[in-house]
Structures are given as structure tokens and as C-alpha cells.
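I have placed the structure first, in the form of C-alpha cells, so that the comments after it can refer back to it.
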Amino acid sequence: SGMAGLQVHSVLVTGANRGIGLGLVQHFLGMPTPPQWVFAACRAPTGQRAQCLHHLASKHRNLVIIPLEVTDLASIKAAAAQVGEHLGGSGLNLLINNAGILKCNLLDKETLEDMTHVYTTNTIGPLLMCQVFLPLLKKAAQASPGSALSCSRAAIINISSQGGSISSPDGWDLMQIVSYRCSKAALNMLTKCQSLRYKEDGVLCTALQPGWVQTDMGSCAGHTPPVTVDESVRGMLKVLSSLSEKDTGTFLDWEGNVVPW
């Protein structure tokens, strides 16, 4: 399997109740040697939209559902405390910032409120997540001193978008989604900044473009996207298993190709 190289003791996925987040959780649980801990974080873990997660949790003792609102610092700190308790003395190997929102607005219809909401969730959320979870990521990195950067050691993966690429603004005719595009371009810069800052701590940071995927969000413009969640997630996990020192601070797609900034 292409994921054979990915040996993570623990992983946290945000926005894990549906779409790509849920797909990632399912694939981690289904690995030949699954992580000892899979933390599935979502806003409303008791709600209707988290039923799939609860079904999985009833079958997998290594799956822990964590309530998390990425725009709320207190919620992030509470989640980190909960994750730390489960991990005991060990650190968190992999943090996947997947939670995101999209407003299907035309440029002329963008508002202060929508722009702020989208940017707060898609860009500031991952910033706060990494600040709060850094001690757990550093602990994981310190557990294998001297080894090169990798997802098996300690990594932050920010789920970005082709829409965040300034030099190839594909799909403009289909979806202007300006607030979303701006938030993802900013997330790419955040990833670069994190890679420069956290390299000394042994933490790899990469932005990943999952493809245009058949999710509620991907289908919002009324077109059927070409990539299934399963294909995207399989591809991304294969990419994660191959990431090394040279890939920190880069923007890659689900097939491992470099995406232009």
C-alpha cells in the first residue's frame, strides 16, 4: 500500500465529521497498522452531522471524538488538554487542519461579515491550533531526536485549495469565492511562516491541495467535482507518507505535484 511508509502514533483531524475530514479519519482507522490514537475534532460532536463518527467510534477504540470550534481559543485549549490527557506522556505526531468554510459569493457581493468569518475560520483557526498544539507536536518530535522531518515524527498539514493559488486562478468562471480564495492564499503564507519557525522544533509543515472533491462544500456551485473523497484521501495519505525535509514549507496537491503559489 502507498500508505505503508506512514507510521503515526497519533493524529488529530479538524472538521472530522464529514467530507475530507471524515474520509481521513476512516482511512487512518483502516490502515494495516493504524495510529494508537485518532482524534476526530468537530464543532458539534453530539449533533446530527456527527452520526458517522459515532458509528466509527463504537467500532474503533482508538478513535476519540473531540469537541472543537477552531475560531474559539478557549475551545482549542480545552481540546488540547483533552488530547494531552489521552496521550499521557507522549506527543502528537500529526495535526491536520482541515476544518474550513466557504461562502459562494460573487466579488460584488462579498461583505465584511462573510470575509471576516471565512478568514477567521480558514486562516486564523489553523494559526491558533498550531500555537496551542505546538507543545504536543514538539514532544513528539523530541521523542525521535536526530531523525529527519517527516509526518511519522511531527507534522502540521494545512488543507488548502487550488483557489488559494495566485498564479493559477483556476475555476474563476465557475466560482469567484473571493473570501475563500483570499483565506487560502493567506493559509499558504501561514504554512510557509510555520515551516520556517517550527523547523528548529523538528516539525514539518506543508499545505496540501486535496483536489476538487465531491463533498457538500465542493459541490456548492452546482457542479459535480471530478474527484471522490476516497481518491483524494488515498492520494493525500500517500503524499504524507513520502514527505521529508525538502517538502517543509511547500504547497503540494493530492498527487504529490507542486502547486504554484
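The values are calculated or read from the model by the stated rules, or taken from the named source; none is laboratory data. Only a predicted model underlies this, so the values are computations on that prediction, with no experimental measurement involved. No Cβ is skipped: glycine too gets one built from the backbone with ideal geometry, and neighbour counts run over all protein chains shown. Surface areas here come from the heavy atoms of the whole protein model, side chains and all, with no ligands, DNA or RNA. Shrake-Rupley method; radii C 1.70, N 1.55, O 1.52, S 1.80 Å.
It is to be established whether one or more residues within segment 7-15 are in contact with a helix residue (DSSP H, G or I) (Cβ under 9 Å, 6 or more places away or on another chain) and more than 27 Å from Ser152 (Cβ to Cβ). Taking every residue of segment 7-15 in turn, none turns out to be in contact with a helix residue (DSSP H, G or I) (Cβ under 9 Å, 6 or more places away or on another chain) and more than 27 Å from Ser152 (Cβ to Cβ).
Scanning segment 215-225 turns up no residue that is hydrophobic (A, V, I, L, M, F, W, C) and open to solvent by less than 20 Å² (accessible area, probe 1.4 Å).
Mind checking which helices (runs of 4 or more DSSP H) fall wholly inside segment 1-115 and carry at least 2 residues that are at pLDDT 95 or above, under 23 Å from Thr191 (Cβ atoms) and open to solvent by 60 Å² or more (accessible area, probe 1.4 Å)? Quick ask: steps written out before the conclusion?
Numbers: elements: 19-29, 51-59, 73-87.
The qualifying helices (runs of 4 or more DSSP H) are 73-87.
Annotation note: of Gly211, Gly235, the sole residue that is surrounded by 19 or more Cβ atoms within 10 Å (Cβ to Cβ), farther than 26 Å from Ser144 by Cα and without any contact (Cβ under 8 Å) to a residue 40 or more places away in the chain is Gly235.
Selection of segment 238-261 for residues being surrounded by fewer than 18 Cβ atoms within 10 Å (Cβ to Cβ) and of a type in the set (Val, Ile, Thr) yields only Val258.
Selection of segment 188-234 for residues being more than 19 Å from Pro135 (Cβ to Cβ) and among the hydroxyl-bearing types (Ser, Thr, Tyr) yields Thr191, Thr206, Thr215, Ser219, Thr224, Thr228, Ser232. Restricting segment 179-204 to residues that are hydrophobic (A, V, I, L, M, F, W, C), within 22 Å of Asn93 (Cβ to Cβ) and free of Cβ contacts under 8 Å to residues at least 60 places away in the same chain leaves a set whose member that is least open to solvent (accessible area, probe 1.4 Å) is Leu204. None of Asp247, Asp230 is acidic (Asp, Glu) and in contact with a Gly (Cβ under 7 Å, 6 or more places away or on another chain) except Asp230.
Residues of segment 137-165 that are open to solvent by 10 Å² or more (accessible area, probe 1.4 Å), over 16 Å from Leu94 (Cβ atoms) and in a loop (DSSP other than H, G, I, E, B): Pro145, Gly146, Ser161.
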